[in-house]
């Protein structure tokens with residue numbers, strides 16, 4: 001168990017070990033928190049914010065680079081995920097939240113079966129056609145390949161499920177099944193968006209009514 005309290009940063013994001021996350025720091029309490037992390041070369045925890053609280057599983061990050069220091073103290077930084085943890089208790093003595101945490105990793109270290117990796121990679125490659133913002137090329141030699149591939153998944157609840165899992169084999173299975181359903185649905189949504197401008201608003205549509213609808 002970690003004796004030193006870990007600073008916690010609740011965000012609407014889920015980050016995985018060894019993946020990058022750019023952050024714009026503007027609140028005073030988080031300027032303080034990140035400033036300490038930079039000075040001490042220490043880590044802080046990213047946890048998914050939910051309503052008025054946080055989930056109890058997160059991932060630490062380290063500041064790899066300060067991209068920009070603004071005159072008013074705001075910071076643009078690049079962070080990288082490091083270690084997964086579970087929150088045991090919370091501490092609010094400082095301006096930002098801290099927690100006593102327990103770190104964890106997979107029950108069986110090492111990469112998943114090659115067949116599962118290839119299936120997950122094949123599904124991942126299909127995501128490129130959607131131009132997902134922030135989608136990065138995965139490090140395919142990472143023993144936890146599922147985390148590299150899951151960076152591109154926009155579903156935060158699913159990402160949180162993968163982060164909490166302690167089995168690379170199961171994560172690869174879950175990721176493959178998720179993408180097998182997600183990719184066709186995204187293709188359908190994209191196709192409907194492409195067709196939507198032609199539905200009642202094409203160049204041959206009756207004028208006055210459609211014009212008022214578009215303007216309103």
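The values are calculated or read from the model by the stated rules, or taken from the named source; none is laboratory data. Since the structure is predicted, the reported quantities are computational estimates derived from the model, not experimental observations. Note that we place each Cβ from the backbone using ideal geometry, even for glycine, and neighbour counts take in every protein chain shown.
For segment 54-70, indicate whether the set of residues that are outside the structural domain of residue 186 (by TED's automatic domain parsing), over 20 Å from the mean Cα position of the chain (by Cα), over 22 Å from residue 164 (Cβ atoms) and assigned to a loop (DSSP other than H, G, I, E, B) is non-empty. There is at least one residue in segment 54-70 that is outside the structural domain of residue 186 (by TED's automatic domain parsing), over 20 Å from the mean Cα position of the chain (by Cα), over 22 Å from residue 164 (Cβ atoms) and assigned to a loop (DSSP other than H, G, I, E, B). The condition of being within 25 Å of residue 139 (Cβ to Cβ) and surrounded by 14 or more Cβ atoms within 10 Å (Cβ to Cβ) holds for only one of 25, 15, that being 15. Do we find a residue being surrounded by fewer than 14 Cβ atoms within 10 Å (Cβ to Cβ), at pLDDT below 85 and either in contact with a helix residue (DSSP H, G or I) (Cβ under 9 Å, 6 or more places away or on another chain) or not assigned by TED's automatic domain parsing to the domain that holds residue 49 (or both) anywhere in segment 136-156? Scanning segment 136-156 turns up at least one residue that is surrounded by fewer than 14 Cβ atoms within 10 Å (Cβ to Cβ), at pLDDT below 85 and either in contact with a helix residue (DSSP H, G or I) (Cβ under 9 Å, 6 or more places away or on another chain) or not assigned by TED's automatic domain parsing to the domain that holds residue 49 (or both). Here is a check on your reading of the model: is residue 73 over 19 Å from residue 154 (Cα atoms) and either within 18 Å of the chain's Cα centre (by Cα) or part of a strand (DSSP E or B) (or both)? No, not satisfied.
Residue-wise test of (1) assigned to a loop (DSSP other than H, G, I, E, B); (2) under 21 Å from residue 164 (Cβ atoms); (3) in contact with a helix residue (DSSP H, G or I) (Cβ under 7 Å, 6 or more places away or on another chain).
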{"residue": "24", "(1), (2), (3)": "no, no, no"}
{"residue": "34", "(1), (2), (3)": "no, no, no"}
{"residue": "78", "(1), (2), (3)": "no, no, no"}
{"residue": "90", "(1), (2), (3)": "no, yes, no"}
{"residue": "96", "(1), (2), (3)": "yes, no, yes"}
{"residue": "110", "(1), (2), (3)": "yes, yes, no"}
{"residue": "125", "(1), (2), (3)": "no, no, no"}
